[in-house]
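None of the figures in this text is laboratory data; all of them are computed from the coordinates on show. Keep in mind that what you see is a predicted model, and the values were worked out from it rather than measured. Cβ atoms come from the backbone with ideal geometry, glycine included; neighbour counts cover every protein chain shown.
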Amino acid sequence: MTLKLQAARGLKWQTTEIISRQLLSLVVFTTLARLLQPSAFGLIGLVGVYLAFVGIFIDQGIGTALIQRQDLEPEHINTAFWFNFSCAVVLCLGTIALARPVSMLFKEPRLIPLLRWSSLGLVISASSEIHGTLFVREMDFRRPAIRTILSNVAGGIAGLVLACFGCGVWALIGQQLTTALAGAIFLWSASSWRPHFRFSGRHLKDLLGLGSAVLIPSLLWFFCSQLDQLVIGRFTGATTLGQYVVGGKIPNLMRTAVQQPVATVSMPMLSRLQQERERMCQVIYKGMELNAVAAFAIFVGLASVAPDLVTLAFGVQWQPAIGFVRLLALYNLLLCLLVFAHPAMLATAGRKSYIFANSALAAGAAAACFFGIRIGPHTVVIGLIINLAVVGLAELLLLRRRMGLSPWLYCRPCLGPAAASAAMSAVVMTIRMTAGPHLPMPVSLSLQIAAGAGTYLATLKFIAPHSADNLWSFASTALARRS
């Protein structure tokens, strides 16, 4: 099977997984938003920040090292499993012991039992993490996709049942633990690999040597992506943080749908092209053409329909989240447009340059959060958008020097989708201002989405027919049953 066909099939399964998971997640989340108070989402947001942080120290880049390493021995896999599992157990026990000091840091005593119970999910997830990594290494994305869908169904059912019985924030904790457990059971059932009680310090050193290039940037990226929630929760309280979390839910779901399939497939694909810089550049240009078409349509469209979408999906009480939805849609658009920059940096620019770029992003995020919160939480997001745009441009300039990547050729595929999305936004705004007040909200929103999508596709076909044709060609390759 050719690399192009592997990439297309991988994107097909990744997209299937993401769309199914995101639709399910959206249904469950909107239902829970009507059953639970904003403070519940604020509390679970703080728990999520903590779990995301300690989760970095479980993997420490070993999963990426297993994917990228050319010569993989059985000792590498067994050592990675026991290292990850041991780290998860230690961090779980540490969380149980230190839950009270952590809650004092957030000035939120209600976090103590939530942190202790949610930390069990670290151990459950670590027990199957290597199984999933091995599937990705072989570019077999079918079974991980099925795992994700089934586990989210199980978790969603558990969360809704608990919420209906009045369990409050514990419904969200139950959802997390059930999702992790169902996913682990499936991966153990689907994989033929079983861990053996063998541990090699030499092989661990091999993996950590490569994984360290990922660990430090992962910590920095955590700092960039979670600091906003920490600052908003710390200075404005759980209720405002809950509105921010809900406002970011749909943009984050959309970014996962666009970015994760591309990012997951591009990591092993670009790893195979490390010694072919010119071919790697061509792959990135082609990928950006497809990526930009989807990203502009989704995020500009989301920002355009946000007023009616938020009110209809979550209820009138969540209208303060509309501004967050619009700003975070633009922030996630930039993240998606830079999806190839980080894998390319990791493969070609060297560890020091990669860490430096992420350090600059983290420093800018810190400035945006701590200075922006003095004005308000919306200013925090504006600062994050400016910071990401500046650092992203610097990364592209560095890649031009390291691997010959042209920033112009990287960004050029964005011109057509940007113009098409501007036309789409104008049409949606016109419908909402003229016909919207006279129609039921579901009808108005449906009309906005249909007219906006039609305008986007028609404009794109007129001003950027090559991008539209390539999207159709790649989709046909992905859906083909045989090469």
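If you take all other residues with their beta carbon under 9 Å from the beta carbon of GLN448, and give Lys and Arg +1 and Asp and Glu -1, the sum is 0. Here the mean projected area of the convex hull built on the C-alpha positions of the stretch 9-234 is 12.6 nm². Protection proxy ranking of 403-415, 352-364, by the mean of other Cβ atoms within 10 Å over each peptide's residues and highest first, is 352-364, 403-415. With a cut-off of 14 Å between beta carbons, the residues surrounding PRO307 carry a summed charge of +1, where Lys and Arg count +1 and Asp and Glu -1.
Our summary gives the stretch 9-234 a relative contact order of 35 percent, counting only alpha carbon pairs under 8 angstrom and 6 or more residues apart.
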